[in-house]
Amino acid sequence: MLAWKQFPQMFAAHLKITFREKAVWFWNIFFPVILMVLFMIVFGGNAGEFKARVAVADPRPGEASAQLMDQLRQFPGLEIHGEGAVTAEEGRKLVMDKKVFALIELPSEENPAVRLVVHRENERNITARALAGMLEQFVQQANYAALGAAPVFSLDIETVAAGGDELRFQDYLMTGMIALSLAQSGLFGMVGLVEMRRKGVLRRLRMTPASMGMFGIADMAVRFVFGVVQIMLLAAVGVLGFGAKLQLHLVSLAVAFFVGVLAFNAIGYLFSAVSKSQEAYMAMANIASFLMMFISGVFIPVDTLPEWLQPLSRVMPLTYFVDGIRDGMVYARGIADASFWIAVAVLAAWGVLAFLIGARLYKAKSIAATR
Amino acid sequence: MPVLEVRRLRKTFGAVTAVADISFAVEHGEVFTIIGPNGAGKTTTLEMIEGLLVPDAGEISFGGLTWEQDARAIREMIGVQPQSGALFDLLTVEEHLRLFASFYRKSRPVGEILEMINLQDHRNKRVKVLSGGQRQRLAIGLAMINDPDLIFLDEPTTGLDPQARLNIWDIILRLKEMGKTTILTTHYMEEAEKLSDRVCIVDQGAVVALDTPAALIGRLTKEREIRLGFEDGEAAAREAEELLQRLGNVTRMEREAGQLRIWTERPEAALHGLFGFTRERGYRVERLSIREMSLEDVFIAFTGKEWRD
């Protein structure tokens, strides 16, 4: 029997307990915002705007090398150290001391190639790759010029995404962060239940006519309120601070939000059923959260992960939650789309399974009512 | 009809028999105290009565209501203060009372409870910052919020300082005045003796004694111990010992220097003889005491175990 009469006071109690806990504010509000700001700056901040400071060495000065040097100066975003050539040794030292990002060595007698020297720690850096790409193109053009030929083919890059031409990396990252922080609130949020059990609060409630089902419903209601606050806050930061654009489909957003929040809270509930202490719970939640964070398409698309890892991504609930939230917030698609419903179904399956196992464990350990 | 009747209760956990056979009946308006050594089965018994554990055998009846048939009705009419505080750290005193009041069909006004547990000045404080005694009073307040007929207080004074303990005694006596029935467990014999109408001593999962504190002590023995110290030293003590020997009525005596210990079933006759003798001889008595038997002696006699506070 569900006693709705008990709901208002229970809801008020859960609300106060949640909002009075300082850790909740930090981990669920400030932390995701800080994390999102950092990621935006690192990955999304000035996408397309290339900038690098380089030194140029010219071991065999001449007319050809002067011409090359001149062309390098024309490159947008490339800043040349000291406005002139340095020796190869000086250049390498500048790179090692990180005074410049890279050294470009123009051809010499021993080495007819144009050589790019970067610090080893930047070997796989995006800027290094971009620089290499640029130089390659540059060398090719120089070759054509030397041969007196003109290129027949050229390359144009264009990006597409559902929801029009609007989707940009900021949108992708913002929605990923929203899904991640909602998921984490669920995974970590049931730690209070461990504490309530340890202190005997749950037993105490069972000695009263309080409906434990209603107590749980009131708790979930507060979590939904909190989730809405998270979405609005992160969306505001993404849109106002980093120019992300929303293409809302409210119905699919609501469905994905509702099912996803329930599913991750159910997983948290399962964790709480098997942990005797807060520490044990936090350890489990941390493992789950880290495991999912990097392979569920929050920051990096699942398709770009190593192939052996992708099947794991395809079973993780966060993968589907991220998809669902993106469908609702930036792709503006959803209820008419089969892939949306597959995502919702997988999430729901996770939630139901976790809840059933959790409830069973609570009962088996007679943590829950013996009557 | 008793408010609560427990018949032939039994509960085992694997190979361990926590409760072997416990029966008792609690009458309306009394303070009924259960005492026993650790592991005697007190907590298990209480948990079965409170509906947290299902007994293997036996019956529990709340004036005709049983857990199988009337769980909701029983929860409405009982109030429980569990041993562990079981409170929400981040809620205030008043928020606790309002939350718990919402669970019940009928409830006492929050202001009235605050006054009874004397926490009016702390009503807006969070549990986190309350003292042990204040938390315990709040826990008792929550047990009273539904104006229950039957209140369970499980070691309400354990770990409290003497003043805080007295505050809780006041609440228990107040409940009695209000005509409520209280079932109490305690670690303090003095408390059981002072507050209880009847005491039930439990050991090894069974009731070993059940009566009023006075009757339990009376049942033990009528013998009292008198201790005397003479300022005039050993000679006076020896003379007094000889006199009492002649007068009779003394079970046994022990003498050590000027100190004399006398065990007698008729302490007034022994003292009468003694004071006649000291006045006649002009001996001065330095110290005199009569030790009454206490519930602690009863406990030791029935369980064979030392009582540890």
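The values are calculated or read from the model by the stated rules, or taken from the named source; none is laboratory data. Since we're looking at a predicted model, the values are computed, not measured. We place every Cβ from the backbone using ideal geometry, glycine too, and count neighbours over all the protein chains shown.
What are the pairs with Cβ atoms under 7 angstrom where one residue, in region A:16-29, is under 21 Å from B:H96 (Cβ atoms) and the other, located anywhere, is surrounded by fewer than 16 Cβ atoms within 10 Å (Cβ to Cβ) and of a type in the set (G, A, S)? Sequence gap at least six, or different chains.
Note: no pairs meet the criteria.
Considering region B:100-136 alone, what residues qualify as being assigned to a loop (DSSP other than H, G, I, E, B), within 19 Å of B:V80 (Cβ to Cβ), of a type in the set (S, T, N, Q) and more than 9 Å from chain A (Cβ to nearest Cβ)?
Once the filter is applied, which keeps residues that are assigned to a loop (DSSP other than H, G, I, E, B), within 19 Å of B:V80 (Cβ to Cβ), of a type in the set (S, T, N, Q) and more than 9 Å from chain A (Cβ to nearest Cβ), region B:100-136 yields only B:S107.
Quick check on region A:91-101. Is at least one of its residues within 37 Å of the chain's Cα centre (by Cα), in a strand (DSSP E or B) and modelled with pLDDT of 75 or more? Spell out the reasoning first.
The first filter runs over region A:91-101 and keeps only residues within 37 Å of the chain's Cα centre (by Cα), leaving A:92-101.
With in a strand (DSSP E or B) added as a condition, the list becomes none.
So far as region A:91-101 goes, no, none of its residues is within 37 Å of the chain's Cα centre (by Cα), in a strand (DSSP E or B) and modelled with pLDDT of 75 or more.
Conditions first: (1) touching a residue at least 40 places away in the same chain (Cβ under 8 Å); (2) surrounded by fewer than 16 Cβ atoms within 10 Å (Cβ to Cβ); (3) small (G, A, S); (4) over 29 Å from B:R108 (Cβ atoms). B:G205 passes all but one, so which condition is the exception?
That leaves (2) as the condition not met.
If you scan region B:262-292, which residues turn out to be free of Cβ contacts under 8 Å to residues at least 12 places away in the same chain and within 20 Å of B:E231 (Cβ to Cβ)? Full working, then the answer.
Initial filter on region B:262-292 (free of Cβ contacts under 8 Å to residues at least 12 places away in the same chain): B:268, B:272, B:275-276, B:279-280, B:282.
If the condition is that a residue be free of Cβ contacts under 8 Å to residues at least 12 places away in the same chain and within 20 Å of B:E231 (Cβ to Cβ), then B:F275, B:G276, B:R279, B:E280, B:G282 are the ones that fit.
Pairs only if they're at least six apart or on different chains, beta carbon under 9 angstrom, first in region A:219-239 and touching a residue at least 12 places away in the same chain (Cβ under 8 Å) and part of a helix (DSSP H, G or I), second crowded, with 20+ Cβ neighbours inside 10 Å and among the charged types (D, E, K, R); list them, first residue then second.
A:G238/A:D171
State yes or no: is B:R165 of a type in the set (D, E, K, R), in contact with an Asp or Glu (Cβ under 8 Å, 6 or more places away or on another chain) and either outside any strand (DSSP E or B) or surrounded by 21 or more Cβ atoms within 10 Å (Cβ to Cβ) (or both)?
Values: of a type in the set (D, E, K, R): yes; in contact with an Asp or Glu (Cβ under 8 Å, 6 or more places away or on another chain): yes; either outside any strand (DSSP E or B) or surrounded by 21 or more Cβ atoms within 10 Å (Cβ to Cβ) (or both): yes.
So B:R165 passes the test.
Does B:L97 fit the bill of being crowded, with 21+ Cβ neighbours inside 10 Å and either within 7 Å of chain A (Cβ to nearest Cβ) or not aromatic (F, W, Y) (or both)? I'd like the intermediate steps shown before the answer.
Numbers: crowded, with 21+ Cβ neighbours inside 10 Å: yes; either within 7 Å of chain A (Cβ to nearest Cβ) or not aromatic (F, W, Y) (or both): yes.
Spelling it out, B:L97 is indeed crowded, with 21+ Cβ neighbours inside 10 Å and either within 7 Å of chain A (Cβ to nearest Cβ) or not aromatic (F, W, Y) (or both).
Output the residues belonging to region A:240-250 that are farther than 8 Å from A:D171 by Cα and either in a loop (DSSP other than H, G, I, E, B) or touching a strand residue (DSSP E or B) at 6+ places or on another chain (Cβ under 8 Å) (or both). Show your work before the answer.
Here is the first cut: in region A:240-250, the residues farther than 8 Å from A:D171 by Cα are A:240-243, A:247-250.
Residues satisfying the conditions are A:G243, A:Q247, A:L248, A:H249.
Collect the residues in region A:196-219 that are within 15 Å of A:L262 (Cβ to Cβ) and either surrounded by fewer than 19 Cβ atoms within 10 Å (Cβ to Cβ) or within 11 Å of another protein chain (Cβ to nearest Cβ) (or both), keeping them in residue-number order. Reasoning before the result, please.
In the first step, residues of region A:196-219 are kept if they are within 15 Å of A:L262 (Cβ to Cβ); the result is A:213, A:216-219.
Within region A:196-219, A:G213, A:G216, A:I217, A:A218 meet the criteria.
Quick check on my filter: what residues within region B:70-94 are closer than 16 Å to B:P148 by Cα, in contact (Cβ under 8 Å) with a residue 24 or more places away in the chain, surrounded by fewer than 21 Cβ atoms within 10 Å (Cβ to Cβ) and more than 7 Å from chain A (Cβ to nearest Cβ)?
Initially, region B:70-94 is screened for residues closer than 16 Å to B:P148 by Cα, giving B:70-82.
Add one more test, that the residue is in contact (Cβ under 8 Å) with a residue 24 or more places away in the chain, and what stays is B:75-82.
Filter once more, keeping what is surrounded by fewer than 21 Cβ atoms within 10 Å (Cβ to Cβ): B:76-77.
Result: B:M77, single match.
Within region A:58-90, which residues are part of a strand (DSSP E or B) and acidic (D, E)? Don't jump to the end; show me each part of the working.
Keep residues of region A:58-90 that are part of a strand (DSSP E or B), which gives A:78-86.
Scanning region A:58-90 gives A:E79, A:E83.
So which of A:Y320, A:Y331 is in the same structural domain as A:R198 (by TED's automatic domain parsing), farther than 14 Å from A:G186 by Cα and part of a loop (DSSP other than H, G, I, E, B)? Let's see the steps before the verdict.
Details: A:Y320 fails: part of a loop (DSSP other than H, G, I, E, B).
Of A:Y320, A:Y331, the one residue that is in the same structural domain as A:R198 (by TED's automatic domain parsing), farther than 14 Å from A:G186 by Cα and part of a loop (DSSP other than H, G, I, E, B) is A:Y331.
Which is touching a Ser or Thr at 6+ places or on another chain (Cβ under 9 Å), charged (D, E, K, R) and on the phi < 0 side of the Ramachandran plot, of B:D147, B:D89, B:D121, B:D56? Explain how you work it out, then say what you get.
Details: B:D147 fails: on the phi < 0 side of the Ramachandran plot; B:D89 fails: touching a Ser or Thr at 6+ places or on another chain (Cβ under 9 Å); B:D121 fails: touching a Ser or Thr at 6+ places or on another chain (Cβ under 9 Å).
Answer to the selection: B:D56.
B:W67 is checked against (1) more than 25 Å from B:F299 (Cα to Cα); (2) more than 12 Å from chain A (Cβ to nearest Cβ) and fails just one. What number does that condition carry?
Only one criterion in (1) more than 25 Å from B:F299 (Cα to Cα); (2) more than 12 Å from chain A (Cβ to nearest Cβ) is unmet by B:W67, namely (2).
Give the residues of region B:117-136 that are in contact (Cβ under 8 Å) with a residue 12 or more places away in the chain and either exposed (fewer than 13 other Cβ atoms within 10 Å of the Cβ) or of a type in the set (K, R) (or both), sorted by residue number.
First, the residues of region B:117-136 that are in contact (Cβ under 8 Å) with a residue 12 or more places away in the chain: B:117-119, B:122-128, B:130-136.
Once the filter is applied, which keeps residues that are in contact (Cβ under 8 Å) with a residue 12 or more places away in the chain and either exposed (fewer than 13 other Cβ atoms within 10 Å of the Cβ) or of a type in the set (K, R) (or both), region B:117-136 yields B:R123, B:N124, B:K125, B:R126, B:K128, B:S131, B:R135.
So which of A:A210, A:A256 ends up being over 18 Å from B:S102 (Cβ atoms), at pLDDT 90 or above and touching a Phe, Trp or Tyr at 6+ places or on another chain (Cβ under 9 Å)?
On the way: A:A210 fails: over 18 Å from B:S102 (Cβ atoms).
Exactly one of A:A210, A:A256 is over 18 Å from B:S102 (Cβ atoms), at pLDDT 90 or above and touching a Phe, Trp or Tyr at 6+ places or on another chain (Cβ under 9 Å), namely A:A256.
Looking only at region A:184-218, count every residue that is assigned to a loop (DSSP other than H, G, I, E, B) and more than 28 Å from B:A73 (Cα to Cα) and tell me the total. Show your work before the answer.
Pass one, region A:184-218, residues assigned to a loop (DSSP other than H, G, I, E, B): A:190, A:199-200, A:207-211.
Now restrict to residues that are more than 28 Å from B:A73 (Cα to Cα): A:190.
The number of residues fulfilling the criteria is 1.
Among the listed residues B:A214, B:A235, B:A192, identify the single one that is assigned by TED's automatic domain parsing to the domain that holds B:D147, in a helix (DSSP H, G or I), free of Cβ contacts under 8 Å to residues at least 40 places away in the same chain and on the phi < 0 side of the Ramachandran plot. Spell out how you get there, then give the answer.
Numbers: B:A235 fails: assigned by TED's automatic domain parsing to the domain that holds B:D147; B:A192 fails: free of Cβ contacts under 8 Å to residues at least 40 places away in the same chain.
Testing whether each residue is assigned by TED's automatic domain parsing to the domain that holds B:D147, in a helix (DSSP H, G or I), free of Cβ contacts under 8 Å to residues at least 40 places away in the same chain and on the phi < 0 side of the Ramachandran plot leaves just B:A214.
What's the number of the condition B:I151 fails, among (1) within 13 Å of chain A (Cβ to nearest Cβ); (2) modelled with pLDDT under 95?
Against the list (1) within 13 Å of chain A (Cβ to nearest Cβ); (2) modelled with pLDDT under 95, B:I151 comes up short only on (2).
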